[in-house]
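Engineer: I have a structure I would like to understand better, so I am pasting it below and will then ask my questions one at a time.
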Amino acid sequence: MSSSTLDSFAIVQEQKLKQLLQYVNQHSPFYKELFAKNAVDVSKIETIANLSALPTTTKEDLQQRNGDFLCVDSDKIIEYASTSGTLGSPVTIALTESDLRRLTLNEYNSFVCADGSASDIYQLMLTLDRQFMAGIAYYSGLRKLGAGIIRLGPGVPSLQWETIGRLKPTGIVAVPSFILKLIQFARDNNIDINRSSVKKAICIGENIRNADFSYNILGKKITEVWDIQLYSTYASTEMQTAFTECSAGNGGHLQPDLLIVELLDDHDQQVPPNTPGEVTITTLGVEGMPLLRYKTGDICMYFDDACACGRTSLRLSSVIGRKRQMIKFKGTTLYPPALFDLLTEIEDVLDFVVEVYSNEIGMDEVLLHIVPFNTTKACDNGIRAYLQARLRVSPHVEYITYEQLKKMQDQETGRKITKFFDKRI
Ligand SMILES: [Zn+2]
């Protein structure tokens, strides 16, 4: 990432990096200890390239020593956010007043990148409680933007449409699979979605694109029937920062003054552009719980050529998969999102859960719990043939009812609907 267009970003980043290193070396019990143990002299780290001399931080570090990442006294903490705990136990991320201002700026920048302005009204179809950091981020970012805000919360398509009709929002912030439910409800109730006030959607939590920026099945299903501009986002509680697409839809833009991002291979080396690597972040300007070379577990690709919108900041592809969810199945490497896409594509599959477990010799096995369109042999044959053709290997298939599926998902306590059960040893 040494191309000249990135130089001005690099100067800001390096200055902020040096401040961060001094700061955590003084205030973070975790990093103080890590630096001492690895004989790291922070004054020697002066450039982004020098970063690779520092050890990485893992999710386990953050889970097991959560409190040791805190750099301030507890009376400076305003907001206690938490990760969703999709993988392992949830982690608390504590934010100071300064961190909340940083979070606001981050989300303001995101909405601006996604063509938002003060004349917009956004309907937030997500939770603002349950320690969900993104909820307050959207809210405060929109406050700064001066846009109208409708805090409707997740679910209840009937109420969403009634409110759209009444308050005429220009944009929505929603999980893409919920947008499909909105479309379905509109269809069932003779609502003409293309005559509604909504013209754009900030898509959160799920991919709408493949790694080559084309729409995936979810993105296609939405845009085929609804003439609406979709903006994909990628964010996490730990990084307290979002990558948001502009209207070109060529990957989420990095905010270089808020975050340093590296994409690392299995040996912690930076991968070239257009190559899958683990997103590894260093937060800039965070006061409460800053993170240094934190490995998110998300596999993405990056692009550093200039975007059609004129921005020269690095862009990230949508998440190809989670490192720990990688499935080695009969000689092929699979990530759950690819399976989700495939199953969503099959019309005879109404809903599903993907389960992975270890067989008696410790290899990964895939079991698909599927709610089929009907229980005929023809339906079964169709589903199996499709899977075989697309995967080249045959996973185990079990047909279940909606009730059984709901029961499986209710066992999970996360904020997101679970479509993936990892029962590997
Ligand atoms: Zn752009």
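Engineer: Has segment 366-375 got at least one residue that is open to solvent by 30 Å² or more (accessible area, probe 1.4 Å) and under 22 Å from Lys220 (Cα atoms)?
Structural biologist: yes
Engineer: With respect to Leu339, determine if the residue is in contact with a His (Cβ under 8 Å, 6 or more places away or on another chain), among the aliphatic types (A, V, I, L, M), closer than 30 Å to Met133 by Cα and in a helix (DSSP H, G or I).
Structural biologist: On the way: in contact with a His (Cβ under 8 Å, 6 or more places away or on another chain): no; among the aliphatic types (A, V, I, L, M): yes; closer than 30 Å to Met133 by Cα: yes; in a helix (DSSP H, G or I): yes.
Judged against the criteria, Leu339 is not a match.
Engineer: Now a separate question. Specify the residue that is farthest from the ligand (Cβ to nearest atom); the eligible residues are those in segment 210-231 that are part of a strand (DSSP E or B) and open to solvent by 30 Å² or more (accessible area, probe 1.4 Å).
Structural biologist: As a first pass, look at segment 210-231 and keep what is part of a strand (DSSP E or B): 215, 229-231.
Within this subset, residues satisfying the condition of being open to solvent by 30 Å² or more (accessible area, probe 1.4 Å) are 215, 229.
Working: Tyr215: 17, Gln229: 13 Å.
The extreme case among them is Tyr215.
Engineer: Are any of the residues in segment 75-89 at pLDDT 95 or above, more than 19 Å from the chain's Cα centre (by Cα), part of a loop (DSSP other than H, G, I, E, B) and surrounded by fewer than 20 Cβ atoms within 10 Å (Cβ to Cβ)? Talk me through it step by step, then tell me what you get.
Structural biologist: First pass over segment 75-89, keeping only residues at pLDDT 95 or above: 75-81.
Filter once more, so that each one left must be more than 19 Å from the chain's Cα centre (by Cα): 75-80.
Pick out the ones that are also part of a loop (DSSP other than H, G, I, E, B) and you get none.
No.
Engineer: Give the residues of segment 295-334 that are among the aliphatic types (A, V, I, L, M) and over 15 Å from the mean Cα position of the chain (by Cα), sorted by residue number. It would help to see each step written out before you state the result.
Structural biologist: Here is the first cut: in segment 295-334, the residues among the aliphatic types (A, V, I, L, M) are 299, 301, 306, 308, 314, 316, 319-320, 326-327, 334.
Across segment 295-334, the qualifying residues are Ala306, Ala308, Leu314, Met326, Ile327, Leu334.
Engineer: Can you tell me how many residues in segment 278-294 are buried (at least 21 other Cβ atoms within 10 Å of the Cβ) and not in a loop (DSSP other than H, G, I, E, B)?
Structural biologist: 6
Engineer: So, one more: Just checking, which of Tyr108, Tyr139, Tyr122 is more than 16 Å from the ligand (Cβ to nearest atom) and touching a residue at least 60 places away in the same chain (Cβ under 8 Å)?
Structural biologist: Every option except Tyr122 fails the conditions.
Engineer: Just a yes or no: is a residue in segment 188-207 assigned to a helix (DSSP H, G or I), in contact with a helix residue (DSSP H, G or I) (Cβ under 9 Å, 6 or more places away or on another chain), touching a residue at least 24 places away in the same chain (Cβ under 8 Å) and not charged (D, E, K, R)?
Structural biologist: The answer is yes; a qualifying residue exists.
Engineer: Is at least one residue of segment 373-388 in a helix (DSSP H, G or I) and under 29 Å from the mean Cα position of the chain (by Cα)?
Structural biologist: Pass one, segment 373-388, residues in a helix (DSSP H, G or I): 377-388.
Applying the additional criterion that residues be under 29 Å from the mean Cα position of the chain (by Cα) yields 386-387.
Yes, the conditions are met somewhere in segment 373-388.
Engineer: Right, something else. Can you run down the residue pairs with Cβ atoms below 8 Å, 6 or more apart or on separate chains, where the first is in segment 236-259 and among the hydroxyl-bearing types (Ser, Thr, Tyr) and the partner is more than 16 Å from the ligand (Cβ to nearest atom) and assigned to a loop (DSSP other than H, G, I, E, B)?
Structural biologist: Sorted first by the residue in segment 236-259, then by its partner, the pairs are Ser236/Thr83; Thr237/Thr83; Thr237/Ser84; Thr237/Val91; Thr241/Leu258.
Engineer: Of everything in segment 232-251, what is open to solvent by 10 Å² or more (accessible area, probe 1.4 Å) and within 16 Å of the ligand (Cβ to nearest atom)? Give them in sequence order. Step through it out loud before you land on a result.
Structural biologist: So in segment 232-251, the residues open to solvent by 10 Å² or more (accessible area, probe 1.4 Å) come out as 232-238, 247-248, 250.
Those that are open to solvent by 10 Å² or more (accessible area, probe 1.4 Å) and within 16 Å of the ligand (Cβ to nearest atom): Ser232, Thr233, Tyr234, Ser247, Ala248, Asn250.
Engineer: Right, another one. Could you go through segment 322-331 and let me know if any residue there is under 21 Å from Leu264 (Cβ atoms) and within 16 Å of the ligand (Cβ to nearest atom). Please lay out each step first, then the result.
Structural biologist: First, the residues of segment 322-331 that are under 21 Å from Leu264 (Cβ atoms): 322-328.
Next, from what is left, pick out any that are within 16 Å of the ligand (Cβ to nearest atom): none.
No, segment 322-331 contains no residue that is under 21 Å from Leu264 (Cβ atoms) and within 16 Å of the ligand (Cβ to nearest atom).
Engineer: Of all residues in segment 295-321, how many are in a strand (DSSP E or B) and more than 14 Å from the ligand (Cβ to nearest atom)? Let's see the steps before the verdict.
Structural biologist: We begin by selecting, within segment 295-321, every residue in a strand (DSSP E or B); these are 295-300, 302-303, 315-316, 321.
If we keep only those that are more than 14 Å from the ligand (Cβ to nearest atom) as well, we get 295-300, 321.
Of the residues in that region, 7 qualify.
The values are calculated or read from the model by the stated rules, or taken from the named source; none is laboratory data. Predicted, not measured: the structure shown is a model, and the values here were computed from it. Because the Cβ atoms are built from the backbone with ideal geometry, glycine has one as well, and the counts that use them run over all protein chains shown. Accessible surface areas use protein heavy atoms only, side chains included; no ligands, DNA or RNA. Shrake-Rupley method; radii C 1.70, N 1.55, O 1.52, S 1.80 Å.
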